[in-house]
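Asks: Just dropping this structure here.
The values are calculated or read from the model by the stated rules, or taken from the named source; none is laboratory data. Just so it is clear, the structure is predicted and the values come from calculations on it, not from any experiment. Ideal geometry is used to build each Cβ from the backbone, glycine not excepted, and the neighbour counts take in all protein chains shown. Keep in mind that these areas ignore ligands, DNA and RNA; they rest on the heavy atoms of the full protein, side chains included. Shrake-Rupley method; radii C 1.70, N 1.55, O 1.52, S 1.80 Å.
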Amino acid sequence: MFSLTVNGKSQQIDVSPDTPLLWVLREKLGLTGTKYSCGMALCGACTVHVSGQPLRACTTPVSAVLGRRVTTIEGLSEKSDHPVQQAWIEVDVPQCGYCQSGQIMSAVALLAQKAQPTDADIDDAMAGNICRCGTYPRIRAAIHRAAALQAAAKKGGA
């Protein structure tokens with residue numbers, strides 16, 4: 001039995017220590033926003049934050065995150081109104097949508113490190129996230145929009 005903090009809530013889980021975090025989130029906790037795709041940490045669909053850093057949940061054993069804060073797409077905001085989520089909607093990023101939770105989680109991590117990223121910063125930070133629909137130009141535009149939304153919020157306006 002393990003205690004895991006996910007989206008600010010302590011959760012008790014009974015799994016083997018080598019169980020991938022992805023399966024704990026999806027199967028044990030019902031947090032299905034984090035997606036399974038490649039299973040080898042290559043595509044980014046399973047990206048979550050662990051203590052504020054992006055991490056691929058499909059290859060991370062749950063034992064590696066004990067005592068650390070895990071945030072999933074469901075934990076970004078209660079009403080899907082995080083600036084990155086707002087920007088994704090405004091720019092109409094998703095096509096099929098499958099990869100988008102991982103894309104959003106990676107974008108949030110980028111903006112936490114660089115408030116005003118360049119196109120090169122975005123390309124570097126998002127390189128590990130694959131979108132089979134090819135929405136990369138919209139993803140880049142949404143990250144720039146999210147940066148503007150965050151800057152406006154810091155100044156007191158939207």
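Asks: Suppose we keep just the alpha-carbon trace of the stretch 64-155; what are its Rg and Dmax in angstrom?
Replies: Cα radius of gyration and Dmax of the stretch 64-155 are 12.9, 38 Å respectively.
Asks: Between the stretch 111-158 and the stretch 5-26, what's the alpha-carbon centroid distance in Å?
Replies: Here the two parts' Cα centres lie 29 Å apart.
Asks: How much net charge surrounds GLY44 when only other residues with a Cβ under 14 Å from its Cβ are counted (Lys, Arg +1; Asp, Glu -1)?
Replies: With Lys, Arg at +1 and Asp, Glu at -1, the neighbours total +1.
Asks: Would you grab the residues whose amide H sits under 5 Å from the one on THR5? Only those 5+ places off in sequence or on another chain, please, with H modelled 1.01 Å from N.
Replies: Residues meeting the criterion, in which the H sits 1.01 Å from N, are GLN11, GLY67, ARG68, VAL70.
Asks: Relative contact order for the chain: what is it in percent, counting Cα pairs under 8 Å that are at least 6 residues apart?
Replies: Across the chain, relative contact order equals 23 percent.
Asks: Leaving out ligands, DNA and RNA but keeping every protein chain, what accessible area does MET40 have, in Å² rounded to the nearest 10, with a 1.4 Å probe?
Replies: 120 Å²
Asks: State to the nearest 20 debye the size of the charge dipole of the stretch 38-123 about its Cα centre, where the only charges are +1 on K and R beta carbons and -1 on D and E beta carbons.
Replies: It works out to roughly 440 debye.
Asks: Tell me, what ³J(HN,Hα) does each residue in the stretch 122-138 have, in order and in whole Hz, if you take phi through Karplus 6.51 cos²θ - 1.76 cosθ + 1.60 with θ = phi - 60° and put x for Gly and Pro?
Replies: Once θ is set to phi - 60°, the couplings for the stretch 122-138 become 5, 4, 5, 5, 9, 4, x, 10, 9, 10, 5, 7, x, 7, 3, x, 6 Hz.
Asks: May I pose another question? At 7 Å along Cα-to-Cβ for each site, give me the label-to-label distance between GLN11 and ASP123 in nm.
Replies: It is 3.7 nm.
Asks: Name the long-range amide H neighbours of THR60: under 5 Å, sequence gap of 5 or more, or other chain; modelled H, no Pro or chain starts.
Replies: HN-HN under 5 Å from THR60: LEU21, LEU22.
Asks: Another question about this same structure. Please sort 149-156, 69-76, 51-58 by packing, taking for each peptide the average over its residues of neighbouring beta carbons within 10 angstrom, highest first.
Replies: 69-76, 51-58, 149-156
Asks: Want the number for SER63 to GLU90: 0.36 nm per residue separation, take away the alpha-carbon distance, what's left?
Replies: 5.9 nm
Asks: Taking the Cβ of VAL93 as the center, what net charge do the other residues with Cβ under 15 Å away carry, scoring Lys and Arg +1 and Asp and Glu -1?
Replies: In short, +2.
Asks: Quick check for you: which residues of the stretch 1-20 have the amide N under 13 Å from the point 7 Å beyond the Cα of ALA112 toward its beta carbon?
Replies: 7-8
Asks: Distance check, please: which entries in LYS9/LYS35; LYS9/LYS155; LYS9/LYS114 exceed 25 angstrom between their Cα atoms?
Replies: Exceeds cut-off: LYS9/LYS155; LYS9/LYS114.
Asks: May I pose another question? How large is Rg/Rh for the chain, to two decimals, with Cα atoms and a Kirkwood Rh?
Replies: Rg divided by Rh gives 0.97.
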